[in-house]
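Undergrad: Could you have a look at this structure, given as structure tokens, before my questions?
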Amino acid sequence: MIKITKNIKELEEYLHGQKWLGINEHITAVEVPGEGNMNFTLRVRTDQGSFILKQSRDYVEKYPQVSAPVDRAMRESEFYNLVADHNLLKRQMPALLGVDVNNYVLKLQDLGEGVDYSFLYEEASSLDEVELQEIIGFVAELHTSVHLGKTGRSLPNRKMRKLNHEHIFIYPFLKNNGLNLDDILPGLNEIGNSFKEDVPLLKKVEQLGERYLKDGSVLLHGDYFPGSWLKTIAGVRIIDPEFCFFGEPEFEIGVTLAHLKLAGQPQIIFNKALESYMDRAPLQKELCFQFMATEILRRILGLAQLPLSIGLTERIELLQEAKDLLV
């Protein structure tokens, strides 16, 4: 496996070998387009334009100690192929320009100098209602347009689901998982331990985890949260569908709603997100809220921490709200 790097000479050789550069096209600059979590990602500028390279490796880029399926970029390419015939979905995603199956590299359209919506976690940052409609409109269109009844194709993505399952439904609730929550926020470790000892809560989380692992009929993005929404001059764009699979929409929308709460969004935004989705697509609200609760728990108690501006009191309130939804 060739590991791509920022070395321009080596990168040009690789790209010419893939026929991803024109004969007389040369790289002028290479940069990292934002802070990615999962993959090694580069923006490549040439004398004829720019594009994005994304390579998946056998570990998580942000957490090299965490192993991950090396071929996950190929699952992402399958997602792009599944939505290729749906103009409304294609319009809000980068175009897939090339796939290197031997080295797990994707060549993607450069969407420009956008930023993801992680800024929502900052204090006093509110989601614009027009942008909210774009975000919810995309996922509702995805769930109603691409399903097994229409595609006849499956996308189990079991290795990525197993990884996600571990970090959502197992790791945050292990007593000795090696994560000291007091390093994140003093006082959080003691609170976390009380949740790890709550047997009815753990049983419910386990049941939801088993449900997550079952196949469903609707194509999910799989990680639909602010880090996968890109704010560009052309509007909201959706990126990074590597956790995609055919599952239940309640998981997807539960994750989205959880992040609106974690980001301290006004209740009116939360309500509009839910109503907007339910106006377009069917949803079991109780199940959705249970998945939402689990996502809140894992984001406060687990490894995949967020740049939250809320303090200990607000986190405890969210944890208790999540628990009340589950038991």
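Undergrad: Would it be correct to say that V66 is under 15 Å from the mean Cα position of the chain (by Cα), of a type in the set (A, V, I, L, M), modelled with pLDDT under 95 and not assigned by TED's automatic domain parsing to the domain that holds F246?
TA: no
Undergrad: Among the numbered conditions (1) touching a residue at least 12 places away in the same chain (Cβ under 8 Å); (2) farther than 28 Å from R280 by Cα, tell me where N176 comes up short.
TA: (1)
Undergrad: Hey, can you tell me all the residues within the range 32-48 that are touching a residue at least 24 places away in the same chain (Cβ under 8 Å) and either touching a Pro at 6+ places or on another chain (Cβ under 9 Å) or not in a loop (DSSP other than H, G, I, E, B) (or both)?
TA: F40, L42, R43, V44, T46
Undergrad: Return the pair list, or none, for Cβ contacts closer than 8 Å from residues in the range 275-288 that are more than 14 Å from Q133 (Cα to Cα) to residues that are acidic (D, E) and part of a helix (DSSP H, G or I), at least 6 apart or on different chains.
TA: Pairs found: L283/E250; Q284/E250; L287/E250; C288/E250.
Undergrad: Moving on to the next point. Taking the range 196-252 as the search range and keeping residues that are more than 23 Å from I170 (Cβ to Cβ) and of a type in the set (V, I, T), which one is surrounded by the fewest Cβ atoms within 10 Å (Cβ to Cβ)?
TA: So the residue we want is I233.
Undergrad: Inside the range 180-195, can you point out the residues that are in contact (Cβ under 8 Å) with a residue 24 or more places away in the chain and either of a type in the set (V, I, T) or surrounded by fewer than 17 Cβ atoms within 10 Å (Cβ to Cβ) (or both)? I'd like the intermediate steps shown before the answer.
TA: Restricting attention to the range 180-195, the residues satisfying the condition of being in contact (Cβ under 8 Å) with a residue 24 or more places away in the chain are 181, 184-188, 191-192, 195.
Of everything in the range 180-195, those that are in contact (Cβ under 8 Å) with a residue 24 or more places away in the chain and either of a type in the set (V, I, T) or surrounded by fewer than 17 Cβ atoms within 10 Å (Cβ to Cβ) (or both) turn out to be I184, L185, P186, G187, I191.
Undergrad: Identify, from the list T294, T313, the residue that is surrounded by fewer than 20 Cβ atoms within 10 Å (Cβ to Cβ), hydroxyl-bearing (S, T, Y) and under 30 Å from K175 (Cβ atoms). Walk me through how you get there before you give the answer.
TA: Details: T294 fails: surrounded by fewer than 20 Cβ atoms within 10 Å (Cβ to Cβ).
Every option except T313 fails the conditions.
Undergrad: Among the residues of the range 243-270, how many are in contact (Cβ under 8 Å) with a residue 40 or more places away in the chain, not in a helix (DSSP H, G or I) and not small (G, A, S)?
TA: 6
Undergrad: Residues of the range 146-157 being part of a helix (DSSP H, G or I), of a type outside the set (A, V, I, L, M) and in contact (Cβ under 8 Å) with a residue 60 or more places away in the chain, which ones? Reasoning before the result, please.
TA: Filtering the range 146-157 for residues part of a helix (DSSP H, G or I) gives 148-151.
Those left that are additionally of a type outside the set (A, V, I, L, M): 149-151.
Scanning the range 146-157 gives G149, T151.
Here is a yes/no grid of residues against (1) in contact with a Lys or Arg (Cβ under 7 Å, 6 or more places away or on another chain); (2) surrounded by 13 or more Cβ atoms within 10 Å (Cβ to Cβ); (3) assigned by TED's automatic domain parsing to the domain that holds Q305:
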site: H16; (1), (2), (3): no, yes, no
site: P33; (1), (2), (3): yes, yes, no
site: N39; (1), (2), (3): yes, yes, no
site: T46; (1), (2), (3): no, yes, no
site: F51; (1), (2), (3): yes, yes, no
site: R72; (1), (2), (3): no, yes, no
site: F79; (1), (2), (3): no, yes, no
site: G98; (1), (2), (3): yes, yes, no
site: V101; (1), (2), (3): no, no, no
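Undergrad: Oh, and also: For the range 1-60, enumerate the residues that are among the charged types (D, E, K, R) and within 20 Å of L96 (Cβ to Cβ).
TA: Filtering the range 1-60 down to residues among the charged types (D, E, K, R) leaves 3, 6, 9-10, 12-13, 19, 25, 31, 35, 43, 45, 47, 54, 57-58.
The answer is K19, E25, R43, R45, K54, R57.
Undergrad: A further question on this structure: Would you say F169 is touching a residue at least 60 places away in the same chain (Cβ under 8 Å), under 28 Å from Q65 (Cα atoms) and either of a type outside the set (V, I, T) or outside any helix (DSSP H, G or I) (or both)?
TA: Details: touching a residue at least 60 places away in the same chain (Cβ under 8 Å): yes; under 28 Å from Q65 (Cα atoms): yes; either of a type outside the set (V, I, T) or outside any helix (DSSP H, G or I) (or both): yes.
It is true that F169 is touching a residue at least 60 places away in the same chain (Cβ under 8 Å), under 28 Å from Q65 (Cα atoms) and either of a type outside the set (V, I, T) or outside any helix (DSSP H, G or I) (or both).
Undergrad: Do you know which residues across the range 188-232 are over 20 Å from H147 (Cβ atoms), of a type in the set (A, V, I, L, M) and outside any helix (DSSP H, G or I)?
TA: Across the range 188-232, the qualifying residue is only L230.
Undergrad: Suppose we filter the range 1-12 for residues that are farther than 16 Å from N39 by Cβ and loosely packed, with under 13 Cβ neighbours inside 10 Å; how many remain?
TA: Number of matching residues: 2.
Undergrad: In this structure, does L132 turn out to be not acidic (D, E) and not in a loop (DSSP other than H, G, I, E, B)? I'd like the intermediate steps shown before the answer.
TA: On the way: not acidic (D, E): yes; not in a loop (DSSP other than H, G, I, E, B): yes.
So L132 passes the test.
The values are calculated or read from the model by the stated rules, or taken from the named source; none is laboratory data. No experiment lies behind these values; they were computed from the predicted model shown. Backbone-built Cβ (ideal geometry, glycine too); neighbour counts: all protein chains shown.
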